[in-house]
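Any read-out appearing in this document is the output of simple, stated calculations on the displayed coordinates, not a laboratory observation. Computed from a predicted model, the values in this text were never measured in an experiment. Heads up, the Cβs are rebuilt from the backbone with ideal geometry, glycines too, and the neighbour counts pull from every protein chain shown.
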Amino acid sequence: MPQWISIENTITMYFFADILKNMYENKYINREDLYDKSEQEVIELIRNCKDRNIANRFNEFYKCNEFHESETYIDNKFCVNRKVKKRYINPLTKEGRIYEISKIAKEKIDDFKNMKISKFAYMDI
């Protein structure tokens, strides 16, 4: 499975978006912080957030190494929808589209298009 649609990637992106949105709405972080600070500096702002719920959730996330898939929403977990639009490139070559001229490319594209992705992903935090 391509890394950009892995369950770990999906959960991580949603988790950081949720944490940063919460911090921004509660004025623990501002727009300039997001543009001017390094990733490590932003992580330190999260870890040292005055709202201990935010800091504790981040620490739990940081220790988490189990991510799960599900076809149904899981209550009381950090559960996210994995509605993913599959995109791929079919380059044009001198001989035509790669999909039509390369058996390997055709197999890889077909495998990607037919790959099953669970509806939800969650972690135990």
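Could you work out the Rg to Rh ratio of the chain, with Rh taken as the Kirkwood radius (inverse of the mean 1/r over all Cα pairs)?
A ratio of 1.12.
Counting Lys and Arg as +1 and Asp and Glu as -1, each charge on the Cβ, what is the dipole of the stretch 1-123 about the Cα centre in debye, to the nearest 20?
It comes to approximately 460 debye.
Using only the alpha carbons of the stretch 45-101, what is the convex hull's orientation-averaged projected area in square nanometres?
7.9 nm²
Considering only Cα-Cα distances, which of the following residue pairs are longer than 32 Å: 37/77; 37/108; 50/86; 21/83?
Cα-Cα > 32 Å for 37/108; 50/86; rest within.
For every helix of n ≥ 4 consecutive DSSP H residues, a contribution of -39,500 (n - 2.57) applies; sum these over the chain, divide by its total residues, and give [θ] at 222 nm rounded to the nearest 500 deg cm²/dmol.
Numbers: 6 runs with 62 residues, N = 125.
Using -39500 (n - 2.57) per qualifying helix, the result is -14500 deg cm²/dmol.
Among 18, 110, what is the fewest-to-most ranking by other Cβ atoms within 10 Å?
110, 18
May I ask for the angle, rounded to the nearest 10°, between helix 7-25 and the longest principal axis of the chain, with both axes built from Cα atoms and the value confined to 0 to 90°?
Between the helix axis and the principal axis of the chain, the angle is about 40 degrees.
Along the positive direction of the dipole of the chain (beta-carbon charges: Lys, Arg +1; Asp, Glu -1; about the Cα centre), which of 35, 102, 45 reaches farthest?
102
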